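All remarks here apply to the structure that follows.
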Amino acid sequence: MTPPTAPTAPVSLLLVGAAGRMGRAIARLALVGDPPGLSILAAFDRPDVPGIGTDVAALSGLPPCGVPLSSADGFATFLSSPLPPRTVVVDFSSPDSVRDRLPAIASARVPWVVGTTGIPPVTQALLDGLPSAVLQAANMSLGVNLLRSLVALAASALKDRGFDCEIVERHHRLKKDAPSGTALFLGQAVADSYGWSLPETAVHGRSGLPGPRPGREIGFHAVRGGDILGDHSVLFAASGELLELSHRITSRDTLARGALLAALFLAGKTSGHYSMNDVLGIPSP
Ligand code: NAD
């Protein structure tokens, strides 16, 4: 007779940046069980952010869950206390916050989902050197991460066959950076497949009289307007045919849900550095 399997304990989340747009979306989805199997153990944000002491569920318009938003000053102390076995830190905050969380996470060896972007090389090197489990992704959407693999496959197959690669991204009017980190992530997949350096071959927009397009270019085009959440298209254009691989985000919850799937994947792991491809179960780049 097969022995009964022990029910898996829920994953306990420590949210960093919990008062932000992503932090609130992550808390809301975790609290409504989308996906199931998660609970919020603690939630942190900057000490001066409005709402410190407020129940995190109330920040998302839900009935109280008994977890207050705490000052990140208390993060290290909290991590040094005994934690449930399947605790995971989920971080959508700022590069400075990631730097500041590193020592406590290194000594507690608690798994860390890092969604925060714009991390400078010095902090990234420290993050890469962490002995504990880390899953880092600039875009937590399952679709975008699968798109990267499809783009890499297309680029490998079409390399040196007369296809020009152009990447078009469209975002809302408030977006600060251009091109988007995801466009660069997709461009890097093309450059890697071609064996090119991305900084040497990337061309950002064209104007004036650029003349005939050289073959050795990856074009980036950033469209800004309205409330577009994030569209990315990678074009491989040849004489007589056009292959276009596209992805559209229609809800911010997509990214929050991806972060929670990442936390479920990472729970219980004591080491290893992972990407969303591991969550998808496909080979990493
Ligand atoms: P946001 O500005 O709405 O929220 C960030 C939160 O982090 C704020 O509440 C802020 O007070 C808090 N914070 C900043 N510094 C802190 C510190 N030192 N300690 C504790 N808390 C701190 O931004 P957002 O849209 O929620 O995005 C947050 C981060 O996640 C950004 O880096 C953004 O680029 C990134 N992001 C990643 C993905 C992805 O899929 N990986 C998706 C969206 C946003």
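Every residue in segment 86-100 that is more than 17 Å from the chain's Cα centre (by Cα) and either hydrophobic (A, V, I, L, M, F, W, C) or away from the ligand (no atom under 13 Å from the Cβ) (or both), please. Selection gives ARG86, THR87. Within this structure, ALA154 passes the test of being within 30 Å of SER246 (Cα to Cα), surrounded by 16 or more Cβ atoms within 10 Å (Cβ to Cβ) and away from the ligand (no atom under 12 Å from the Cβ).
Among the candidates PRO36, PRO103, PRO47, single out the residue that is more than 14 Å from LEU260 (Cα to Cα), more than 9 Å from the ligand (Cβ to nearest atom) and outside any strand (DSSP E or B).
Working: PRO36 fails: more than 14 Å from LEU260 (Cα to Cα); PRO47 fails: more than 9 Å from the ligand (Cβ to nearest atom).
After applying the criteria, what remains is PRO103.
Just to be sure, is VAL203 touching an Asp or Glu at 6+ places or on another chain (Cβ under 6 Å) and modelled with pLDDT of 95 or more? It is true that VAL203 is touching an Asp or Glu at 6+ places or on another chain (Cβ under 6 Å) and modelled with pLDDT of 95 or more. For segment 269-285, check the following and say yes or no: at least one residue is over 16 Å from LEU147 (Cβ atoms), assigned to a strand (DSSP E or B) and not hydroxyl-bearing (Ser, Thr, Tyr). Yes: one or more hits.
Annotation note: Cβ proximity below 9 Å between a residue of segment 130-142 that is without any contact (Cβ under 8 Å) to a residue 24 or more places away in the chain and a residue that is near the ligand (Cβ under 10 Å from one of its atoms) (sequence gap 6+ or interchain) occurs for no pair. Every condition in (1) modelled with pLDDT of 95 or more; (2) surrounded by 14 or more Cβ atoms within 10 Å (Cβ to Cβ) holds for PRO84 except the one numbered (2). Among the residues making up segment 140-187, those that are within 30 Å of PHE265 (Cβ to Cβ) and in a strand (DSSP E or B) are ILE167, GLU169, ARG170, HIS171. For segment 115-147, a residue qualifies if it is within 13 Å of the ligand (Cβ to nearest atom) and touching a Phe, Trp or Tyr at 6+ places or on another chain (Cβ under 7 Å), and the qualifying residues are GLY115, THR116, LEU135, ALA138, ASN139. Of the residues making up segment 71-85, those that are of a type outside the set (Val, Ile, Thr), within 16 Å of the ligand (Cβ to nearest atom) and not in a strand (DSSP E or B) are ALA72, ASP73, GLY74, PHE75, ALA76, PHE78, LEU79.
Listed here are the residues, each with its yes/no results for (1) outside any strand (DSSP E or B); (2) modelled with pLDDT of 95 or more; (3) within 16 Å of the ligand (Cβ to nearest atom).
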residue	(1), (2), (3)
THR5	yes, no, no
LEU13	no, yes, yes
ALA18	yes, yes, yes
GLY23	yes, yes, yes
ILE40	no, yes, yes
GLY53	yes, yes, yes
CYS65	yes, yes, no
LEU69	no, yes, yes
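The values are calculated or read from the model by the stated rules, or taken from the named source; none is laboratory data. Owing to the predicted nature of the structure, the values given are computational and were not obtained by experimental measurement. Neighbour counts run over all protein chains shown; Cβ positions are idealised from the backbone, glycine included.
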